[in-house]
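Reading through the structure tokens given below for one structure.
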Amino acid sequence: MFTKKHFKLTKIAAQVSAVAVAALFGTQAYAAGAVSVTSSWTGSDNSLDGGSTAITATGIGNQNGYTDNPALNNSAWGHAGTWFVFENTLGGSDVSVSVNGAAGFVPGVTVWATDGAFDGGTTGFGGEVPSGTVFSGTPHVFNATGAQGDAGTLWMQDGQGGNVLETLGYAVSNPAINVASAAWGESVLAGAHDVSVSNTFESGVTGITSASSATLDFDNLAAGWYAVYVGGTDSLSAGGGYDLVVSAVPEAETWAMLLAGLGLIGWRLRSQSREVESGMIPAA
């Protein structure tokens, strides 16, 4: 038998359940895991540190997961490319991120700074809708080249649907790509581009591209976690396998010290050789 008290408690419980359901299915609900992050690092090592100044991974790319897909109005296809994460513990080192593909793969690559390992973002966060596409909703169609906070990035942005802090740079190896405004209004251009809005995570981004490779170089990359997305940029290509290489590049001062050390060793060896030839071997 239900009393007025039971009825009131039941009503409150129903209201709480309704709020929970709305939060679960609403466009503002944070859920993470919208895209899967690969674990295909060689030796399961995805950390730049004193023991591993170069780490590698492998992947297989399709023709147009990054751009050049008319059905997505040339924006990126979050489920067609591959997501990687790595940690840099060598704070202040110059770091290079390179994608080297088979002849049929024409890569595009973006690197983001993240708050911890990338969590995969939230599907459809914010209810954003792209323009000029057959498909809708993030991350099926997402902005891989814009700054965080731009249209098509809320699903992955820190404090919104994900934990991405800043877009640092991108590179497109297909020289024919010259998109002024893709599905989210973002530009997608051939070559390597610095799109960072601060110097919080690096002091400069440069790079180089060729037919089947794309490289981004980061000056003084800060210690922390980074996400990498790799996909194809040419609908007419066949796609294919590729290697991702993340490596720390010694600073100019380090090279100078190394060369000085080698010079000192060489001088010492030459001195010892002359001493042996002249019979003047110093006592131990």
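The values are calculated or read from the model by the stated rules, or taken from the named source; none is laboratory data. Just so you know, these numbers come straight off a predicted model, no measurement behind them. All Cβ positions, even for glycine, are placed from backbone atoms using ideal geometry, and neighbour counts span all protein chains on display. When the accessible area is computed, the model is the full protein with side chains, heavy atoms only, and any ligands, DNA or RNA have been set aside. Shrake-Rupley method; radii C 1.70, N 1.55, O 1.52, S 1.80 Å.
Could you list the square roots of 5 times each eigenvalue of the Cα gyration tensor of the stretch 40-138, that is, the equivalent ellipsoid semi-axes, sorted largest first and rounded to whole Å?
On the way: eigenvalues 167, 65, 24 Å².
So the equivalent ellipsoid measures 29, 18, 11 Å along its semi-axes.
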| note | Whole-Hz Karplus couplings 3J(HN,Hα) for the stretch 191-200, θ = phi - 60° and coefficients 6.51, -1.76, 1.60, Gly and Pro as x, run x, 9, 9, 8, 10, 5, 9, 8, 10, 5
| Descending Cα extents along the principal axes, the stretch 191-250, whole Å | 38, 20, 20
| said: Given the whole protein assembly as supplied and a 1.4 Å probe, what does the accessible area of ILE60 come to in Å², nearest 10? | reply: 140 Å²
| In nm, to one decimal, how far is the modelled label at ALA147 from the one at SER198, with both set 7 Å along Cα→Cβ? | 1.1 nm
| Dipole size in debye (nearest 20) for the stretch 148-224 around its Cα centre, Lys and Arg Cβ +1, Asp and Glu Cβ -1? | 200 debye
| note | Note, the stretch 151-165: 3J(HN,Hα) by Karplus (6.51, -1.76, 1.60, θ = phi - 60°), whole Hz, Gly/Pro = x, goes 4, x, 10, 4, 4, 10, 6, 4, x, 10, x, x, 9, 7, 8
